[in-house]
Structure formats: structure tokens, C-alpha cells
1. Once the other residues with Cβ under 10 Å from the Cβ of residue 125 are scored (Lys, Arg +1; Asp, Glu -1), what is the net sum?
2. Which of the GluC sites (Glu not before Pro) found in segment 42-119 are in a DSSP loop and have at most 12 neighbouring Cβ atoms, other than their own, within 10 Å?
3. Could you give the dipole magnitude of segment 1-99 about its Cα centre, charging the beta-carbon of Lys and Arg +1 and that of Asp and Glu -1, in debye to the nearest 20?
4. Can you compute the charge dipole magnitude of the chain about its Cα centre, using +1 on each Lys and Arg Cβ and -1 on each Asp and Glu Cβ, nothing else charged? Give it in debye, rounded to the nearest 20.
5. Counting Lys +1, Arg +1, Asp -1, Glu -1, what net charge surrounds residue 219 among other residues with beta carbon under 11 Å of its beta carbon?
6. Longer than 26 Å from Cα to Cα, which of 247/287; 133/187; 95/287; 38/95; 145/187 are they? Say none if no pair is.
7. Tell me the label-point distance for the pair residue 154, residue 315, using the 7 Å Cα-to-Cβ offset, in nm and rounded to one decimal.
8. Could you state the per residue volume, in Å³, of the convex hull enclosing the Cα atoms of segment 1-81?
Amino acid sequence: MIYTVTFNPAIDCVMKVEDLALGSVNRALTQEFYYGGKGVNVSYVLSHLGRTSTAWGFVAGWTGEALEAALREDGIATEFVHLPQGNTRVNMKLKGTAAGSGEDVETAVNAGGAPIDDDSLKRFFRQLEDVGKGDFVILSGGIPKGTPDDIYARIMEKLGGRGSNVVVDATEDILMQSLPFQPFLVKPNDEELADITGCDPLDESALEDGARMLQSKGARNVLVSRGGLGSMLLDETGRLQSAPVIKGTLVNSVGAGDSTVAGFVEGYLRGVEAGADGVAVYDEAYKLAQACGSATAFSPGLAPIGLVNELLERLES
């Protein structure tokens with residue numbers, strides 16, 4: 001079983017506007033709603049790949065009910081904890097041309113999340129009793145203000161000794177606090193790893209050293225995304241490999257990292273289910289991670305399966 005955890009999911013309202021002018025009434029040409037958050041994005045991509053998962057986390061108010069209903073309508077199983085106060089955040093994104101210049105612009109206003117009270121947090125920790133040997137728990141993204149900074153570490157401590165696999169896609173302190181609990185995978189990008197180590201994000205050798213440092217502190221696998229420079233993987237066999245970015249036209253980078261995580265987990269499971277050895281399993285995981293991340297970057301949505309398969313064939317040829 002795979003569980004994705006999103007502490008601060010969101011509904012993104014995206015409007016396209018011509019001649020966007022601040023301080024004036026603007027008329028939207030289109031309006032679209034996207035239901036997400038990093039863990040939710042992982043669940044969506046896994047579903048595109050044919051893998052079921054359950055979305056965990058916290059929702060609140062009528063917007064939370066709308067988000068949960070939308071996910072279920074799309075075939076995503078959910079077991080969110082419903083908070084007693086507030087509303088799940090709604091982020092506004094305005095895309096279009098700026099008045100006067102005609103230049104393409106995007107303006108975003110991101111809301112804060114509803115506060116997570118102690119009783120709701122206890123209910124979430126009781127859900128963790130469902131996690132068993134071989135299950136995956138994917139911890140993605142930031143946490144709302146007021147939530148304990150070491151919450152990921154607390155979750156991993158709770159799961160200790162069960163033989164489950166925890167993925168951590170978070171920054172700096174949250175990531176570092178998780179390492180003693182031996183996460184299956186951590187996925188910093190180059191700038192995040194540079195912030196942790198103090199190195200130059202363009203120094204590939206220093207990034208390799210940083211990945212080995214994270215592994216020495218407990219991470220089983222370290223996947224470093226590098227944007228237009230590609231990525232590198234240090235797997236638990238000790239093998240380090242890197243890959244250039246797949247060539248294509250960038251459409252939207254939002255969700256590419258979450259898609260990479262989903263692809264890695266799915267690729268790993270496919271390799272294990274096929275009876276592959278450790279090296280071959282991680283080859284499968286790394287290729288599918290690249291294909292999924294790039295498919296999202298080249299598309300307006302999350303990792304369309306047709307494009308994922310096309311890019312995967314390109315990597316395997």
C-alpha cells in the first residue's frame with residue numbers, strides 16, 4: 001500500500017486575463033480549478049501510472065470537502081483528517097498579459113493553511129497504525145504554521161520497526177531531522193542540497209559529496225533534481241549515476257518534482273515485482289522518475305501517461 005501525506009493541501013484557482021491591471025476590475029477569459037498539494041500530486045501521478053494510493057493529510061471547511069470530493073471523483077482514495085476550524089487554502093493565480101506592455105506575466109497569491117489542533121494530530125497518528133511491512137509513506141511539502149517542526153521525524157519514529165518505506169521530499173531542517181530514521185528516499189533539488197552543505201549548486205562534485213553525506217547520515221537513496229542540468233541518483237547499493245535533462249519544451253514546472261517522486265516509487269515497485277536485482281531495480285526507478293518529471297514539465301497537467309511512456313521509450317532506446 002502507498003500512503004501520500006499532505007499537511008497543507010490546496011485548491012489552485014487559475015484565471016487567464018488579458019491586459020492585467022492592478023487596482024482595476026479585470027475580466028477573466030478562463031477559470032480553472034486544480035486540486036493539489038505535493039502529496040496529492042504524487043497520488044495523481046501514481047494513478048496515471050496504474051498504481052493505487054491513499055491520500056492522507058488534513059482538510060478543513062467547505063473548501064476541504066470540495067478538494068476531497070474532487071479527488072474521489074478522479075479515483076483517488078482519501079482518508080483526510082477534517083479539522084474543526086478554518087478552510088483548506090485557496091491559491092489564486094492570474095496568468096496573461098500585462099496592461100501597457102503586453103508581456104506575459106503570472107501573479108500568484110498563496111494562502112496559509114488551516115491550523116492543525118492537537119486532537120486532529122492525534123487522530124492522524126492513529127491512522128499510522130494501518131501502515132505495515134513493505135508499505136510506502138510519502139511525506140511531501142511544508143507544514144502549516146504552528147505545526148511542530150519535527151513532525152516528519154515524529155511520524156518516522158512512530159513507524160520505526162515496521163519495515164515500511166518512507167519517502168521525504170522536504171527542505172533543510174525537516175529533511176535533516178528525518179535522516180536518523182533511515183528514509184527510503186530523500187529528494188532535495190540542487191539548491192536545497194547546496195543550502196544544507198554550503199556548496200555551490202553548480203558544482204557537480206560538491207553535490208555528489210552532499211548526496212553521500214545525506215546517505216552517511218541515514219538516507220537509503222538520494223535523488224537530486226537539477227532543473228535544466230538533469231539529475232543524479234545515489235542509490236543504496238552505493239552506485240552514483242547522473243543523467244542530463246530530457247530535451248523538450250518547458251510548459252509548466254509545477255509538480256515536476258512530485259511527479260519524479262511518484263515515478264521513482266512506481267519504477268522501484270515494478271522492478272521488485274518483476275524480480276529484478278538491486279541494480280536493475282534502481283535503473284527502472286531512475287528512468288521512470290525522469291520520464292514522469294519531464295512529462296509534467298512538458299505538459300499543462302501532471303504526467304500524462306502517453307507522454308510518460310514516450311519519454312520512457314526514449315530513455316530505454
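1. Values: positive: 122, 123, 126, 154, 158; negative: 129.
Counting the neighbours of residue 125, the net charge comes to +4.
2. Numbers: sites: 65, 68, 73, 79, 103, 106; in loops: 79, 103.
Listed in order of number, the matching sites are 103.
3. Values: 8 positive and 9 negative charges, 45 e Å.
That gives segment 1-99 a dipole magnitude of about 220 debye.
4. On the way: 26 positive and 44 negative charges, 106 e Å.
So the dipole magnitude of the chain works out to roughly 500 debye.
5. Details: positive: 187, 212, 217, 220; negative: 235, 236.
Neighbour charge sum, excluding residue 219 itself: +2.
6. Details: 247/287 14 Å; 133/187 22 Å; 95/287 33 Å; 38/95 22 Å; 145/187 23 Å.
Beyond 26 Å: 95/287.
7. Distance between label points: 3.6 nm.
8. Details: hull volume 9.4 nm³, N = 81.
With only Cα atoms used, segment 1-81 gives 117 Å³ per residue.
Throughout, read-outs are computed from the coordinates displayed, never taken from laboratory work. Computed from a predicted structure; not experimentally measured. When we count neighbours, we look across all protein chains shown, and the Cβ atoms used for this are built from the backbone with ideal geometry, even at glycine.
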